Amino acid sequence: MSTNTELDADARERLLDLAAEFYDQFAEGEVPSMRIPTRTKSNIEYDDDKEVWVYGDRHSTRSANTVTGAKKLLKAIYVIDFLAQQLDEDRSSTLRELYYLSESWNHETAQFSSQDESNQLIEDLEIVSDVTREDFHMRPEESGATLMGPIHLREQTRRGERDIHCQEDVGEGGYQIPNNPDTIEFLEHDADFILCVETGGMRDRLVENGFDEEHNTIVVHLKGQPARATRRITRRLHDELDLPVVVFTDGDPWSYRIFASVAYGSIKSAHLSEYLATPNAKFIGIQPTDIVEYDLPTDPLSDSDVNALENELEDPRFQSDYWTEQIERQLDINKKAEQQALASRGLDFVTDTYLPTRLEEMGVL
Amino acid sequence: MTSYQSELGGRSNVAEELAESQRSISIAEFFEKNKHMLGFDSGARGLVTAVKEAVDNALDATEEAGILPDIYVGIKEEGDYYRVIVEDNGPGITKEQLPKVFGKLLYGSRFHVREQKRGQQGIGISAAVLYSQLTSGKPAMITSRTEGESAAQYFELIIDTDTNEPEISVDTTTTWDRPHGTRIELEMEANMRARQQLHDYIKHTAVVNPHARIEFEEPREQLKFERVTDQLPAETEEIRPHPHGIELGSLIKLLDETASHSISGFLQDEFTRVGQKTADSIITAFVDRHFGREMSWRPPERSAVETAVTDAVTNKSEEATAAFAQRIGTVLTERDRVAHHELVDIVANAAEHVRSESNATFGTAAQKTTAGAVWSVLTDDIESDLSRIVDDTTTSRKDAETIDGMARRIAVKFEDVERHRLQKETVASFVARAAEQTETHDGTTFGETAQENVVSGIWSVCRSVPDDPPKVRAVERDRDTASELLGAMRETDILAPPTDCLAPITETLVEEGLRKEFDADFYAATTRDAEVHGGDPFIVEAGIAYGGDIKSEGRIDVLRFANRVPLVYQRGACATADVIQDINWRNYNLDQPGGSGTPNGPAVVMIHVASTNVPFTSESKDAIANVPEIEHEIELALRSAARELKRYLKKRRTLEQRQRKRNVIADILPTMADKLADMTERESLAIEDSLARIMNNVLIERTVDNDAVRLVVTNHSDSVADLALTDIVSVDPGDIEDATVVEMDGEWFVKWDPSVRSGEQAVIEYDVNGNASFDISVEGIEPEKLSINA
């Protein structure tokens, strides 16, 4: 692994290359432009070698030919300048900070009108420069999620190295995953598998019931749609420690997407799938069949739920017999259930019965 | 109209000649009771009308004499009264004609002539004279001088309203600075409340008469309108009336006056577009109306005919009778259908035939008996004949019972018709009655369309009769017969009247006129081809001025003209208003709240209708009547001008968008370039080329390397750029390939006209010795589409 300074220098170099490219376009009398893959569901395809979903061949061109294109390029150039400077000074900032920072830029047109715009631009730059956001020293706002389990690791912090055991050295909350998990070195572990959990309530239940200790499990809290750092560390745990990964979410279409982004990569960051996705991750539940089998308390599907399910039937990431069956089943019963609905059978039901049964079925236990 | 221009000066009696065609009609008393109809219903209105009539007269007088009009209009306060003064530089009026022209109502050649003239009716100026006299008690004061006369004539004139006779109270000579012309002064009870209309009238007159110079002076303001063209309106021809455009009264009058005896001669002599063939068609239609047609029937079996003939003939040899019967039988049954008069002919011919063959004579009486007998056989079963016609002409499937019922009922009605000769209306009444009966008795309806079809089916097999049409005298004496002739004239297809009797302003001058009075950004004008309403040809012209100084709040202004006369009153009642309101102006990028009605915005629309007879809604000639043909042409003319406006507005909009884009891009690009140069630590960038490419512009760049100057035109647009470049150089550039160099006052004008195709470049190179300054200007392209870096 290259050192941080080398990484930074490399990232900076790539950004400046991008600037040089624009410069050359001007010098040639051409119209400055930037080519970016179209980031939609219809333009992702499965990469057999890497076993993840990546962008297809469709591209769109941001060019100064149009007023909006010119404005975007101007913003891109300001951001490149800012990032290069940030790397030079070895500082970091959050996406939100970047958004506010743009207010200080002298050219009014360069300022962002919304944070979505600045977030998207950062993603664009990741793609064209082939450098990840983390290597630009850009962080998301929310603190990363947590993990808990029998693993000993070493984190490079700004205040030096820290050796942490993720059960013994942490509180009830668990180990806080840093924004750039590539600064972590895994030392040793007793884990048998990794369990990613969608909701905080369920994660707390598992920890309280001692599920991590009993089954030698690393419990990763996804906190809804998982942050990149969460997905990155999951992938590294799987790759480097050769541990199976299972995902435990609510039983609704939105949760299936959470699973998909862990396992297959998200549409927005398909350029990083290779780095973030864990293709071997398996879905535990809640499955529509579980809803029927355990007679779980349910809510009826809303119109948007139905819509989302139907979209998933068309989503290339869900094109498998398993998912087709599950989704059609759910449309059929017209119901959804939360993870915590398992509590209707007692607080220990999930740890004593549901998870062991499912894990056995899946061959993990 | 005859041109007098060349004769002016050569002969001094032009005015006398012009007066020859004048006729007089007495109507003075009528005016007193009807002045509201003539546009004199109030003091304010009266003033406008008086000015209008006098100016129309002055313009007509000068144009008729081929003189470019130079007109002065003055309004002065005279105590409690106003004095209207109108002067022209026309040919002047002779002593004999003068009182008649100004003093007798409905006295003027216009009333009788089909020609495009402002006045159209002679009621104009004399009404103003009368109005002045009635309100102020003062006579009309007229000064006139004909070409070459040493002194001008001065008259004071009063009209005797009982006798419609003018009386000249003063007749002297006077001095006048105009070499020829007429000046009329009228004092009247009036006020200036209609100042705006008065100004509009004068201003609009100037718009449609770009060849006239008009000066206007009123107590508060003075306006001057200069002439913008020396081109007089095209001379117009007087035309005879068109058969489609005449009324019954006029027709009877023409019949009374004509020297022709036959209707054919009358039609050909008195009407335009009527030759022998057209006259024949009219006469056929006239005869059909006057005498009716004879119904023809399918011939019966030949044997039946021959039997009938044989039975009818007495006292003739068997052989001759057989020959006669055979002949009639043969000819008759060869025919498709036979009408009564045809039968009579057939019998007569057969008699002649037999006489020449066998010397047997069948006299008139025998022929008549025979014809009668055959006629009975021929009309024996008209019911089945009619049944077939009814069946053939009704498309919708009627059941046999209804058809037979109709046929039977129609057939019965023929019984009382002698020779089965009848008018079309009679056929129609038969069918209508039969349908009525069918409905009552059979309970089945026989609709109006079906009835019409049956009528035309029957009428089409009715034969025109060979009777001679009545003579002119007979027609003239009988109003009904005259009405039949008129109907025949209207029904017959006749070539549209010639249109050279019209003088449109023409597109160029419509635009010129608008340009003169309105400072706008855009002008468009259309002159339509001549069309015909009734029997009168007309031409519609429309113009639009847009933007510039034209007020942008509220409705657009509409300028209406008839035969070059502005119409200032009754805007809403005018056909033009209806047409404008019915057009969807949003289609033409004008604001139209609610999608109908007069549009809003900085535009002026003008409409001119020129015709030998502009139809007005009333005698005061303020509003054009709603004649469908005219409305249609107005619409087409407006739409045509509006399409040009739309194109202009669209282009302007794209250029504006282009400018906005350029403004944004031109703001962004340099910042990008600076920033990039800064980041990459390279030299600063020239961005004009990229900018030109983005804007799809034509880029002109100059590079100066020591003394070598290189001028490059790059065309980034998608069409060919034909440019005219002028580069003013402070030192001598020597000879340049592809360009010409002209020295002027120590500066060298390099002229270069490159034609550069899309995506290509053109280059010139030259050397300058030492320090030179350059000043380049480019023509042949909109500034928005050009980038200069030179």
| note | residue B:677 meets each of (1) over 30 Å from residue B:588 (Cα atoms); (2) among the aliphatic types (A, V, I, L, M); (3) in a helix (DSSP H, G or I); (4) more than 14 Å from chain A (Cβ to nearest Cβ) with one exception, condition (4)
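Residue-by-condition table, conditions (1) out of contact with any Pro (no Cβ under 8 Å at 6 or more places or on another chain); (2) modelled with pLDDT of 85 or more; (3) of a type in the set (D, E, K, R); (4) outside the structural domain of residue B:766 (by TED's automatic domain parsing):
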residue	(1), (2), (3), (4)
B:678	yes, yes, yes, yes
B:694	yes, no, no, no
B:700	yes, yes, no, no
B:731	yes, yes, no, no
| said: For the list (1) surrounded by fewer than 21 Cβ atoms within 10 Å (Cβ to Cβ); (2) within 11 Å of chain B (Cβ to nearest Cβ); (3) within 25 Å of residue B:689 (Cα to Cα), I need the number of the one condition that residue A:73 fails. | reply: (1)
| Of the residues B:216, B:286, which is surrounded by 14 or more Cβ atoms within 10 Å (Cβ to Cβ) and assigned to a strand (DSSP E or B)? | B:216
| field | Per-region count, region A:76-103, residues more than 8 Å from chain B (Cβ to nearest Cβ) and more than 17 Å from residue B:668 (Cα to Cα) | value | 19
| task | Evaluate region B:516-527: report whether one residue or more is on the phi < 0 side of the Ramachandran plot, in contact with a Gly (Cβ under 9 Å, 6 or more places away or on another chain), polar (S, T, N, Q) and surrounded by fewer than 20 Cβ atoms within 10 Å (Cβ to Cβ). | result | no
| message | Just to check your reading of the model, which residue among B:711, B:676 is buried (at least 17 other Cβ atoms within 10 Å of the Cβ) and within 30 Å of residue A:12 (Cα to Cα)? | response | B:676
| Residues of region A:37-84 classified as part of a helix (DSSP H, G or I) and in contact (Cβ under 8 Å) with a residue 60 or more places away in the chain, total | 5
| query | If you check residue B:152 against the conditions, is it modelled with pLDDT of 85 or more and more than 37 Å from the chain's Cα centre (by Cα)? | reply | yes
| part of a loop (DSSP other than H, G, I, E, B) and either within 27 Å of residue A:37 (Cβ to Cβ) or outside the structural domain of residue A:230 (by the TED database) (or both), is that true of residue A:90? | yes
| note | Counting only residues in region B:680-707 that are within 60 Å of the chain's Cα centre (by Cα) and assigned to a loop (DSSP other than H, G, I, E, B), the one farthest from the other protein chains (Cβ to nearest Cβ) is identified as B:697
| query | Looking at residue B:622, is it acidic (Asp, Glu) and either in contact with a Cys (Cβ under 6 Å, 6 or more places away or on another chain) or surrounded by fewer than 17 Cβ atoms within 10 Å (Cβ to Cβ) (or both)? | reply | no
| field | Selection from region B:137-157 of residues that are among the hydroxyl-bearing types (Ser, Thr, Tyr) and outside any loop (DSSP other than H, G, I, E, B) | value | B:143, B:144, B:154
| note | Considering residues that are free of Cβ contacts under 8 Å to residues at least 12 places away in the same chain and part of a helix (DSSP H, G or I), the number found within region B:405-429 is 4
| task | Just give me the residues in region B:589-632 being of a type in the set (Ser, Thr, Tyr) and modelled with pLDDT of 90 or more, in sequence order. | result | B:598
| said: Taking the criterion of being within 22 Å of residue B:754 (Cβ to Cβ), of a type in the set (Asp, Glu) and out of contact with any helix residue (DSSP H, G or I) (no Cβ under 8 Å at 6 or more places or on another chain), would at least one residue in region B:690-704 satisfy it? | reply: no
| task | Can you confirm whether region B:378-399 contains a residue that is closer than 24 Å to residue B:463 by Cα, over 52 Å from the mean Cα position of the chain (by Cα), not in a loop (DSSP other than H, G, I, E, B) and not polar (S, T, N, Q)? | result | yes
| request: Just give me the residues in region B:430-450 being in a helix (DSSP H, G or I) and either within 12 Å of residue B:393 (Cβ to Cβ) or under 39 Å from the mean Cα position of the chain (by Cα) (or both), in sequence order. | output: B:431, B:448, B:449, B:450
| said: For residue B:360, only one of the following conditions fails: (1) closer than 30 Å to residue B:445 by Cα; (2) outside any helix (DSSP H, G or I). What is its number? | reply: (1)
| field | Hits in region B:680-709 - residues which are of a type in the set (Lys, Arg) and in contact with a strand residue (DSSP E or B) (Cβ under 6 Å, 6 or more places away or on another chain) | value | B:702
| said: Within region A:262-286, take every residue that is of a type in the set (S, T, N, Q) and surrounded by 24 or more Cβ atoms within 10 Å (Cβ to Cβ) and give me the one that is nearest to residue A:43 (Cα to Cα). | reply: A:273
| said: Step by step: first the residues of region A:104-124, then only those that are within 14 Å of chain B (Cβ to nearest Cβ) and touching a helix residue (DSSP H, G or I) at 6+ places or on another chain (Cβ under 7 Å), then the one that is nearest to residue A:73 (Cα to Cα). Which residue is that? | reply: A:110
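Yes or no, residue by residue, for (1) assigned to a loop (DSSP other than H, G, I, E, B); (2) over 35 Å from the mean Cα position of the chain (by Cα):
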{"residue": "B:452", "(1), (2)": "no, no"}
{"residue": "B:455", "(1), (2)": "no, yes"}
{"residue": "B:459", "(1), (2)": "no, yes"}
{"residue": "B:467", "(1), (2)": "yes, yes"}
{"residue": "B:481", "(1), (2)": "no, no"}
{"residue": "B:487", "(1), (2)": "no, no"}
{"residue": "B:495", "(1), (2)": "yes, no"}
| said: Can you tell me which condition residue B:749 does not meet? The list is (1) in a loop (DSSP other than H, G, I, E, B); (2) of a type in the set (A, V, I, L, M, F, W, C); (3) under 54 Å from the mean Cα position of the chain (by Cα); (4) over 24 Å from residue B:695 (Cα atoms), and all the others hold. | reply: (1)
| Total residues in region B:651-673, condition buried (at least 18 other Cβ atoms within 10 Å of the Cβ) and more than 11 Å from chain A (Cβ to nearest Cβ) | 0
| request: Can you give me the number of residues within region A:124-147 that are acidic (Asp, Glu), surrounded by 16 or more Cβ atoms within 10 Å (Cβ to Cβ) and in contact with a Ser or Thr (Cβ under 7 Å, 6 or more places away or on another chain)? | output: 1
| field | Filter result for residue B:634 (within 56 Å of the chain's Cα centre (by Cα), within 14 Å of another protein chain (Cβ to nearest Cβ) and aliphatic (A, V, I, L, M)) | value | no
| field | Set B:338, B:274: member being under 28 Å from residue B:410 (Cα atoms), touching a Pro at 6+ places or on another chain (Cβ under 9 Å) and surrounded by 21 or more Cβ atoms within 10 Å (Cβ to Cβ) | value | B:338
| query | Can we say residue A:64 is facing chain B (nearest Cβ under 10 Å) and at pLDDT below 90? | reply | yes
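The values are calculated or read from the model by the stated rules, or taken from the named source; none is laboratory data. Because the structure is a prediction, the values reported are computed rather than measured. FYI the Cβ positions are ideal-geometry reconstructions off the backbone, even for glycines, and counts take in every protein chain you see.
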